[in-house]
1. In straight Cα distance, which lysines are under 26 Å from B:K214, not counting same-chain residues fewer than 8 positions off?
2. With θ taken as phi - 60° and the coefficients 6.51, -1.76 and 1.60, list the Karplus ³J(HN,Hα) couplings across the stretch B:123-130 in order, rounded to whole Hz; mark glycine and proline as x.
3. Taking square-rooted eigenvalues a ≥ b ≥ c of the alpha carbon gyration tensor, is the stretch B:45-201 rounded, prolate or oblate, where a/c under 1.5 means rounded and, failing that, a/b exceeding b/c means prolate?
4. Relative contact order, percent, of chain B when contacts are C-alpha pairs under 8 Å separated by at least 6 residues?
5. Please give the per residue accessible area of the protein assembly as shown, computed with a probe of 1.4 Å over protein heavy atoms only, in Å².
6. Based on the alpha carbons, how large is the Rg to Rh ratio for chain B when Rh follows Kirkwood?
7. Within a 10 angstrom radius of each residue's Cβ in B:242-248, how many Cβ atoms of other chains show up on average? Whole number is fine.
8. Does any residue of the stretch B:392-414 lose at least 30 Å² of accessible area with all protein chains in place compared with its chain alone, and if so which ones (probe 1.4 Å)?
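The values are calculated or read from the model by the stated rules, or taken from the named source; none is laboratory data. Quick caveat: nothing in here was measured; it's all calculated off a predicted structure. As a convention, Cβ positions derive from the backbone with ideal geometry for all residues, glycine included, and neighbour counts pool all protein chains shown. Protein only, heavy atoms only, side chains kept; ligands, DNA and RNA dropped before computing areas. Shrake-Rupley method; radii C 1.70, N 1.55, O 1.52, S 1.80 Å.
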Amino acid sequence: MSDIAKQNMSAESTGMFGVAGSGDTSGYGGLQRRKVQIGSTERPFGGYFDEVVDGLERAYPGFSDAIEKVVVDRGELTLHVHREKLNEVAQVLRDDLKFEMCLGVSGAHYPDESGRELRALYPLLSLTRNQRIRIEVSAPESDPHIPSVVEVWAGNNWHERETYDMFGIVFDGHPALTRIFMPDDWNGHPQRKDYPLGGIPVEYKGATVPPPSDRRVYR
Amino acid sequence: MSQTYNSPRETTEGRIYSVTGGDWDDLVTEIGSTQEERVVVNMGPQHPSTHGVLRLILELEGETVTEARCGIGYLHTGIEKNTEYRSWTQGVTFVTRMDYLSPMFNEAAYCLAVEKLLGITDQIPERATLIRVMMMEFNRISSHLVCLGTGGLELGAITPMFFAFREREMILDIFEMASGLRMNTAYIRPGGLANDLPEDAIPKIREAVKTIRKNLKDNEKMLVGNSIWMKRTAGVAHLDLAGCIALGITGPVLRSTGMPWDLRKTQPYCGYENFEFDVVTADTADAYGRFMIRVYEMEQSLRIIEQVLDRLEPGPVMVGDKKIAWPSQLSLGGDGLGNSLDHIREIMGTSMEALIHHFKLVTEGFRVPAGQVYAAVESPRGELGAHIISDGGTRPYRVHFREPSFNNLQSTAAMCEGSLVADVIAAVASIDPVMGGVDR
């Protein structure tokens, strides 16, 4: 990996084109980049979200232990669930709160957030009540294990294989957790942030344009 | 020559026969002489009947399928990863290539998600939204036509293919007229559309709708109630409502169980609540019902398109916010889509500020406030969801697509196991997976 690519992935945010300090000559971009932490939301959450959270609290006695925080952002409810409790919460959400459909799982990798680098995000849909919520579960990179929810939502089988393939999250209890897109003997997990995109350098009149992940970028 | 390829090999799994030509009868005789009832057939990924580069691994007892497994990934191109290295607007050109039969839906789901992140959902001009709806509905027809045409072809019905591709051509012409491209249009952009419809578009589209409506009847006659077609599809590939919900199946497969679940009605987006149309269902839960749903959904799409045409008023097709809106309206020239010459003249000749603005917005792009959203649209194959995370930068932090083809293909085993090997083709065709979408 080139220096620029490493720099692009480094925690410290340097300026545009890798310039340190302000570096802003145009005043256009507003180069300061704040790390945004979306905090927990307080009640009332609005809409049917109160109903969902109250319902879960009633139906699931271990609510306060299992739910790290509740976030409502841009009209969407996210329940941050401790990974040990994921299956219990999933079962209650499916049976008591009628979230009968899980629309898969999407991964995310935050290399800077030590202890919770890997995320699994489950969008849930209730056909009965016409509601949507999302579950977010985190795991450290050193111990990338999250329980599988295939027992609860069978349709997550392939989605979990995809997230395992792309992010290396091991879904414990999955019936056959193998790679799904990449060849079985592939090394690494392509959608992690420390995995370069790669590509072929393009040469034009003697100058070379590096592959996308090695290019300078606006930050 | 063929003898060298055909000669069986002994492996630890058993004897392997590679069929790459030669006389079929020789193979049948040879396998027959082994007295082995259990045969594992590898079908695809290069096979005319697997609906794309899909590999099916079928375990057969005689002609009955005892186990069906899918091998996918042959078309994996890393689209999700690629979008992390481009600006938010460039992302459209990647996602449009996922499910190549429904590019408008890919773009729409992506753009709706980006707009939700930006908080500009309410500011999208009316005209842009209406044209988006029209393009999506045209795209639904063209996608269903491919499903019916190729589905028919795979089951031995050749004529529907000719009819289907005749109408699809007219729709692709409309896409070309609007965007310059027939597939992978990149027409819907964050904030609105790449460009407005050409001036003479509306009468042409009205004419096309009239012709398509008339011509769709041809295919209807070929497929509805046709006894040969029904023998291949009716009662085949059964999957009931409980099975669909457990496997997360949406779209025509879910509606074939009688469940009227269509996001356009249940969770409307792009103003679908203002259109009159019916959700088509079937109660047979089989391949025939799924094909019938597609046949009749096309008529409903035409209804929506006509309502759009009646409502279209002149106006902008890009959001008013100049820090987000693409700086130039593109124009369609003889060599495809490009910056309009008027715009070039203005930024190069008269306004330095406009040039700087153009340069910054095109090279750097706009910033999207941090957060994550999920936006879903009802694609021809079911719920197409875009889960997008922003870290506040000029490029997406993570883009994930919940592809209905990917999810629905999981039901192959549930539909096929225990049935005849010939029904596997009908089952896969009735799911209508598009491998570009499955593998992304």
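1. Cα-Cα hits under 26 Å: B:K204.
2. Working through the residues one at a time gives 8, 5, x, 3, 4, 4, 5, 5 Hz.
3. Judged from the Cα gyration tensor, the stretch B:45-201 comes out oblate (a/c at least 1.5, b/c at or above a/b).
4. Across chain B, relative contact order equals 24 percent.
5. Per residue, the protein assembly as shown has an accessible area of 42 Å².
6. Over the Cα atoms of chain B, Rg/Rh equals 1.02.
7. For this peptide, the per-residue mean of nearby foreign Cβ atoms is 6.
8. Buried by 30 Å² or more upon assembly, which counts only protein chains, are B:R395, B:Y397, B:R398, B:H400, B:R402, B:F406, B:Q410.
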